[in-house]
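One structure is given below, encoded as structure tokens.
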Amino acid sequence: MKTEVVDRPEAHRYEVLADGEAAGYLEYQLSPGEILLIHTEIDEAYEGMGIASVLIRHVLDDARERGLAVLPLCPFVRGWIGRHEDYLGLVPAAARQKYNLPAA
């Protein structure tokens, strides 16, 4: 399956396509210097296929490239970051406790 992640700033979300079909999205709110990741939704037909991981990894890589701090309000994103500690540095140290993430 070929996946593609597209930023739709006018809709305040990233969308993930699987073989050209909409498979899910991650809603966000952009502020100067930071991105609040609000909600992740994956279509039932694509659950369990790793689509959410593809989406989240892309969004976090994009935030890193843009120099944005990440505020993971979405529990799914929070859990993903907790399992992939190489992305923990994107969440400001002062905010990690609020999101139940390790200090370092």
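A few comments on the model shown:
- Residue list for the range 71-92, restricted to those being within 19 Å of G24 (Cβ to Cβ), assigned to a loop (DSSP other than H, G, I, E, B) and open to solvent by less than 10 Å² (accessible area, probe 1.4 Å): C74
- Just one of the listed residues (V54, V16) is among the β-branched types (V, I, T), closer than 26 Å to K98 by Cα and touching a Ser or Thr at 6+ places or on another chain (Cβ under 7 Å), and it is V54.
- Test for H12: is it on the phi > 0 side of the Ramachandran plot and touching a Leu at 6+ places or on another chain (Cβ under 8 Å): yes
- Residue check, L55 open to solvent by less than 50 Å² (accessible area, probe 1.4 Å), touching a Gly at 6+ places or on another chain (Cβ under 9 Å) and in a loop (DSSP other than H, G, I, E, B): no
- For the range 10-40, the tally of residues that are touching a strand residue (DSSP E or B) at 6+ places or on another chain (Cβ under 9 Å), over 26 Å from G89 (Cβ atoms) and open to solvent by 40 Å² or more (accessible area, probe 1.4 Å) stands at 4.
The values are calculated or read from the model by the stated rules, or taken from the named source; none is laboratory data. Only a predicted model underlies this, so the values are computations on that prediction, with no experimental measurement involved. Note: ideal-geometry Cβ built from the backbone for every residue, glycine included; neighbour counts use all protein chains shown. Side chains included, ligands, DNA and RNA excluded: accessible areas come from the protein's heavy atoms. Shrake-Rupley method; radii C 1.70, N 1.55, O 1.52, S 1.80 Å.
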